[in-house]
Structure formats: C-alpha cells, structure tokens
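The values are calculated or read from the model by the stated rules, or taken from the named source; none is laboratory data. All figures in this text were calculated on a predicted structure; none of them were measured in a lab. FYI the Cβ positions are ideal-geometry reconstructions off the backbone, even for glycines, and counts take in every protein chain you see. For accessibility, only protein heavy atoms count, side chains too; no ligands or nucleic acids. Shrake-Rupley method; radii C 1.70, N 1.55, O 1.52, S 1.80 Å.
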Amino acid sequence: EYDANPAIRPADSTLGRFLATFCPTSISTLAGVTDEAPLPLFVYPWGTFNDGSSTSNKNVEISRFCGPSQPDFIEAEFQRTLQLYQEIRKNGYQPTCFPHSYIGGTWLEAKNGQRRFVVMQGNHRLAILAHLKTEKSMCALFLKP
C-alpha cells in the first residue's frame, strides 16, 4: 500500500484497520478451537513464546498483534513498520547486526508429517521480507527446520 500510495494515512492502511478492528478474545477462538477450555491471548498449548510458562505478561491493549488500538498507537506502529521496511529495503535483512532481530517461532507438526512454522517474533520483518520478495529461501535465511 505504501509503495502504491506513499501519502496513505495510517488509519486508512490495512495495518491501521487491522489494529483498530482485530480483537480476538482468546488464542483458542482465534484458531477455531472450541472443544476445550479457551487459552488467553498470547498463551499457547506449548506455553508462551518467552519462556514456555503458561502465563503471559503481554498487555493486549498495547499489542502490535491485535486491537482495538488507539489512533496514536496505530500512527506510531505504522511509522515503526515503515522505518523498518525502508531499512531492510536499503540494507537487507541483517539479524546479526541488531539485538533480538532473528525471526523466531515454533514448528508445529501434524500426525501426517505436514509442518508449519508459527512466527512468534519477527512478524513485521517476515512480512517485509515477503513483500520485498527476498530471493533466498525464507527458511534458509533465518529458520532452522
């Protein structure tokens, strides 16, 4: 959207609409799991992404991952994402140059062997890399299968 319209207002962007309206009540309902007790947001069946505990200290109201977010937060998040986009576009993805820059997550494997990587840290970087159509395999860049 920014490439097509650099004057786009943050509130009118997909990111802005997402942060204003995406308001899941639990990880379970977000994933469509209804046959067991719902897990709170940012708590997963395997724990949290920080230390594996069953609780999370993330504040949903100021989360980059769901809303409802206030207009000033949406503006700031848009500007942070735009700055990261411009930096990666100019200099490439350099996770060794900055602390906490690797994309992290967990692998889920189905009984039939299908695997999916759930990004727990680095969603914005991954989205930017996908948008820039990074030539190397995304997995080869930063994930250990």
Exercise. To the nearest 10 Å², what's TYR2's accessible area with a 1.4 Å probe?
Worked result: 60 Å²
Problem set entry | Heavy atoms of PHE18 accessible to a 1.4 Å probe, total area in Å² rounded to 10 | 80 Å²
Problem set entry | Within region 62-133: Cβ-based charge dipole about Cα centre, in debye rounded to nearest 20 (Lys, Arg +1; Asp, Glu -1) | 380 debye
Seminar exercise, completed: So the FRET efficiency between GLN86 and ARG9, C-beta based with R0 = 22 Å and rounded to 0.05, is 0.75
Problem set entry | Pairwise label distance in nanometres, ASN112 with HIS131, each label 7 Å out on the Cα-Cβ vector | 3.4 nm
Exercise. How much accessible surface area, in Å² rounded to 10, belongs to the heavy atoms of CYS97 with a 1.4 Å probe?
Worked result: 80 Å²
Exercise. Counting only protein chains, not ligands or nucleic acids, how are HIS124, HIS100 ordered by accessible area (probe 1.4 Å), most first?
Worked result: HIS100, HIS124
